[in-house]
Every structure is written in C-alpha cells, then in structure tokens.
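Sharing a structure here in structure tokens format.
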Amino acid sequence: MHGVSLATADDMLRTHITGLVDDLKRELGDDLLSVLLHGSLAMGAFYAPKSDVDLLVIVQHLTAEQARQLYSIFEYHHARRPYVGGLEVSVVHIEDAKSPVHPLRSQVHFSETTTGWQPWQAGMPPTDEDLIAHLAVAKYRGRSLYGLSLMRQSESCNGLTIWHRYTVISIGFLKAKIF
C-alpha cells in the first residue's frame, strides 16, 4: 500500500501541522523541547480518507493550567483539520521520555475520541497504557517537526539500557496483537 508522507503531503496538510507546531511554540516557549510526528504520515502510509495525524510533544515543564490550554489548542486545530482523520496528540515530560516506566504519564492526551479536558487528579497527570509503544515508534520511526528527535535526546541519558528495555516491552506489545 502506497500512501503519503509529510514530504509528499499537500500544502493544506503541511500548513495545518505547521500551524499547530507554531501555536505550541507560542504557548510553551522554552518549555517545548520537541514535536515528533509518528504513525502513518511519518512512515509514508498516510491515507487522507482514514488516517489521523499522530504527534508526540516533549516538554520540560508543564503546569495543570498549561495542560488545559494545550488541550484547547488541540481542539481548535482538530476542528479545522483539512481531512476526515483527526489529531492524536500526547504530551510527555522529558524525564518520562528519557526513563520510561509503564504505564507512562501523559501530561495531555487528545484524540477524536476524548471527551473534553479532564482535570488532573490530586495534581498528577493520568497514565496511558499504550503511550510507551507510541514513544518507541516515535523514537525509531518518527520525524522531528521541532527540536531533537527522541534518538538524539536519549543520547544524553544512560539511555541504551533504558531504551533497550523500552523497545523490548514495545515489541512484545506489538507481537501480542492485543491493540
């Protein structure tokens, strides 16, 4: 099956994604470390009538109020998407990305199936059961739209052991075919 990659995507889709990244830069400033494209568009299998745009946002610091604001930004861009498929975005703290522990905390998660912003309980972001698999895909097959890739970020920690464990967990998840 041949599909579209970011390089071969039409101007509407590229402009849509660029607008979202620009809004993230404005909202987060120096706390925004990376915006990573993963999934079908990163791998050249995007199919406009069905595919969504998968993004992973890596942050240095995020308050609960900033998380709520990011959710609003994702809602805004989702409502103005140029195709049927929506946005799926997870926001992860850099320390959680460097040293992932399952289940991983998601500072913000947005998709077309989420039902509005859910405040953090006791000041803590919720966990996401499959976020570690998204992180592995973004590391090895993702494309950086802003900032460093996860591969480059993991070089700055004692990453080989951490990323090896993380990859083994993710490969096991994919082989299990339970998703």
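Every read-out reported here was derived from the displayed coordinates using simple, explicitly stated rules and does not represent laboratory data. As the structure is a prediction and not an experimental result, all values here were calculated from the model. Every residue, glycine among them, receives a Cβ derived from its backbone with ideal geometry; neighbour counts consider all protein chains shown.
Can you list residues from other chains, or at least 5 along the same chain, whose modelled amide H is less than 5 Å from the amide H of LEU33?
Here ILE58, VAL59, GLN60 satisfy the definition.
Mind ordering 77-90, 133-146, 114-127, 60-73 by average Cβ neighbours within 10 Å, highest first?
Result, highest mean Cβ count within 10 Å first: 133-146, 77-90, 60-73, 114-127.
Same structure again: Decide, for the range 79-125, between rounded, prolate and oblate: order the square roots of the alpha carbon gyration tensor eigenvalues as a ≥ b ≥ c, take rounded if a/c falls under 1.5, and otherwise choose prolate if a/b is larger than b/c, else oblate.
oblate
Please state the shape class of the range 41-94: rounded when a/c is under 1.5, otherwise prolate if a/b exceeds b/c and oblate if not, all from the C-alpha gyration tensor.
Cα axes put the range 41-94 in the oblate bin.
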